[in-house]
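Here is the structure we will look at, set down as structure tokens.
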Amino acid sequence: MTHDHDLVLRPTQAQIAAALNPPAGRNGGDLVVETLAGLGATTVFGLPGQHALGMFDALRRSSLRYIGLRVENNAGFAADAYGRITGEAAPLLLSTGPGALTSLAALQEAAAASAPVLAISSQIPTAGLGGGRHGYLHELPDQAASFRGVVKSVHTVRTQSQIPSAIEAAWKSALTVPHGPVWVEIPQDVLLAQTLIPVVTGGDAFPEELPPRPELTAVAADLLSKAARPAIIAGGGVVRSDASGKLRQLAELLQAPVVTTPGGKGAFPWTHPLSLQSWIEDRHTTDFLEDADVLLVVGSGLGELSSNYHTFKPRGRVIQIEADLGKLESNHPALGIHADARLALQALLETVEPVVERARPEAAERVREVLTKVADRIASQELTLEQEVLASVRRALPADSPSFWDMTILAYWAWSAFDAKGPNHMHSAQGAGGLGYGFPAALGAAAADPTRPVLAVSGDGGALYSIAELATARQYDLNVTWLIVDDGGYGILREYMTDAFGEPTATELTRPDYVALAESFGVPGVRTSPETLEADLTKALSTPGPSVVLLPAVLRMFAATHLDSD
């Protein structure tokens, strides 16, 4: 009796001949790049270093495109965005010690946002491994230990024959839901040594699927079918699993209003009659969701930013669909369904009882009432400048162009008030919350799809993290427009400290002339104003290649509602 798993593809005569006579001059680094190419990778990001030179030497013998950034953390952000845009594992090549450690903040963001990044780092020579303190340059007692609490999986290589299988396993891990960053490390001598191992010609690393348990979706479907006031919270898992269409079908079938989290931007059409948009950081929205008798949470752990800073207290039954097992019921008791959002939503679509629209004619009206209350609350705070700036950005940015937002006041507005115009179009560092994400991430997105202009948005504080990447933008002629909102410091921290202590400390910054600085890199720059922002952004976005638009402006945040009942 023959089983499917017993079947092995037989090599052709040509493959046998090639395997018996591998080309000369290859090293361990060639095994790395050949495996990546065999798995389907086309582009790699990174920064060379002494111990990693074997990998980088091999790049010139491969078909892989290399995008070299100037700081490892920025290379990690670029790989993160490439993974989000393409849905592919984005290779990130790093060197030992300081180079590897500099990528940690980017890998934390990739982990929080479920972005598939395949980080491959060198290590000190094999003779120095084991924590013996031999004094090798860049030596760490246990380099992988610095990454185990950040990445999904760690893969250690000690011989050349381990390289293809380790990278395949890491690739599979990165792309198995929930997506995320993974870590592979290979000693310097293993990368540099000549190899007689045959050329790696393919890879089989299809990610595992995560379907829902049928008994759980049956209960969920029954609850939703019988609900009088169902509502849906859509998180980043809907975007990552490409489940926006199924979400819309289910919402319409149930006549259930939908709100998207900051990570779920674009998962549901902004102007749909059932759309509560993204005003989850608002007491009116929170009250509405608390009143739902059945609340379906898809692809969200209901963390701080998705629960109005943990003030959200649902009174009805909660159904939570989440691919990250650790997030199931981590904040609220629920019917927890450990599954990929797309597969779970499909199962619900096949099981729920359709709701006759006249049975819930009030759903769209209730949505309009909530959005009116939100609009009235914002209008009462005299924030016309902020709303006009955000509206100008939206009008200037083509509907199908992605945008990448740093941790800055305009981005916090965008989490709630910006129409992403579609899934996978708006991205920010709201997962881990580190500065410096916007511009290097936009470069990664432009490398992924050069046919569309990409927008990056930073404050002047966050921009200082990424200035070096103007050289990257120019070197590879990446189609990114960088909007820098210059308010002279860390604007949101200035607000927080003033509110808490009466005056700010350590928030004011001496900064460069960003327009002159951009031009010194050969990147066109323009100083704009709120009145000319739309025209200047439109021109910059329609002109191929990198550009900088500087907006000197002090923006304010809308008042928080998690501090009181408003």
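For the reader, a short list of remarks on this structure follows.
- By the Stokes-Einstein formula, at 1.567 mPa s and 4 °C, the chain with its Kirkwood radius over alpha-carbon pairs has D equal to 52 µm²/s.
- Principal-axis tilt of helix 533-542 within the chain, Cα atoms, nearest 10 degrees: 30
- Helix 438-448 axis, angle to the chain major axis (alpha carbon atoms, nearest 10°): 60
- With θ taken as phi - 60° and the Karplus curve 6.51 cos²θ - 1.76 cosθ + 1.60 applied, the whole-hertz 3J(HN,Hα) list for the stretch 486-493 is 9, 10, x, x, 7, x, 6, 5 Hz, x standing for glycine and proline.
- Distance in nm between pseudo-label sites at MET497 and VAL554 (7 Å out along the Cβ direction from Cα): 1.5
- Linear extension gain, ALA535 paired with GLN381, 0.36 nm per residue minus alpha-carbon span: 52.7 nm
- Shown for the chain: lysine pairs separated by 8 or more places, or found on different chains, whose C-alpha atoms are under 25 Å apart, numbering 17.
- Distance between the stretch 59-91 and the stretch 495-539 - C-alpha centres, whole angstrom: 28
- For the stretch 195-256, GluC sites (Glu not before Pro) are listed when DSSP marks them as loop and at most 12 other Cβ atoms sit within 10 Å of their Cβ; the list is GLU208, GLU209.
- The chain: relative contact order in percent, alpha carbon pairs under 8 Å with at least 6 residues between: 13
- The stretch 311-415: trypsin sites (Lys or Arg not before Pro) falling in loop per DSSP and having at most 16 other Cβ within 10 Å: ARG315
- Given 15 as the ceiling on other Cβ atoms within 10 Å, longest exposed-site-free region of the chain for chymotrypsin sites (Phe, Trp or Tyr not before Pro) in DSSP loops: 1-269
- Between 0 and 90°, nearest 10: helix 214-226 axis offset from the chain longest Cα axis: 20
- Beta bridge orientation in the chain: antiparallel %, DSSP, nearest 5: 5
- Equivalent ellipsoid semi-axes, the stretch 505-552, via Cα gyration tensor eigenvalues times 5, rooted, Å: 22, 15, 7
- For the stretch 62-194, a Kirkwood radius taken over Cα pairs fed into Stokes-Einstein (20 °C, viscosity 1.002 mPa s) yields D = 145 µm²/s.
- For the pair ARG395 and ARG148, a Förster radius of 35 Å applied to the C-beta separation gives a FRET efficiency near 0.15, rounded to the nearest 0.05.
- Amide H to amide H distances under 5 Å link ASN27 with THR195, where only residues 5 or more positions off or on other chains count and H is placed in the peptide plane.
- The stretch 147-214: Cα Rg divided by the 2.2 N^0.38 Å rule of thumb: 1.32
- The accessible area of ARG61, taken with all protein chains in place and a 1.4 Å probe, comes to roughly 90 Å².
- Per-residue 3J(HN,Hα) values for the stretch 370-377, derived from phi via the Karplus relation 6.51 cos²θ - 1.76 cosθ + 1.60 with θ = phi - 60°, read 5, 5, 5, 4, 4, 4, 5, 5 Hz in sequence order (x marks Gly and Pro).
- Spatial separation of Cα centroids for the stretch 270-308 and the stretch 141-177, in angstrom: 37
- Helix-only [θ]222 nm of the chain, DSSP H runs n ≥ 4, -39500 (n - 2.57) each, per residue, nearest 500: -11000 deg cm²/dmol
The values are calculated or read from the model by the stated rules, or taken from the named source; none is laboratory data. Computed from a predicted structure; not experimentally measured. We place every Cβ from the backbone using ideal geometry, glycine too, and count neighbours over all the protein chains shown. Surface areas here come from the heavy atoms of the whole protein model, side chains and all, with no ligands, DNA or RNA. Shrake-Rupley method; radii C 1.70, N 1.55, O 1.52, S 1.80 Å.
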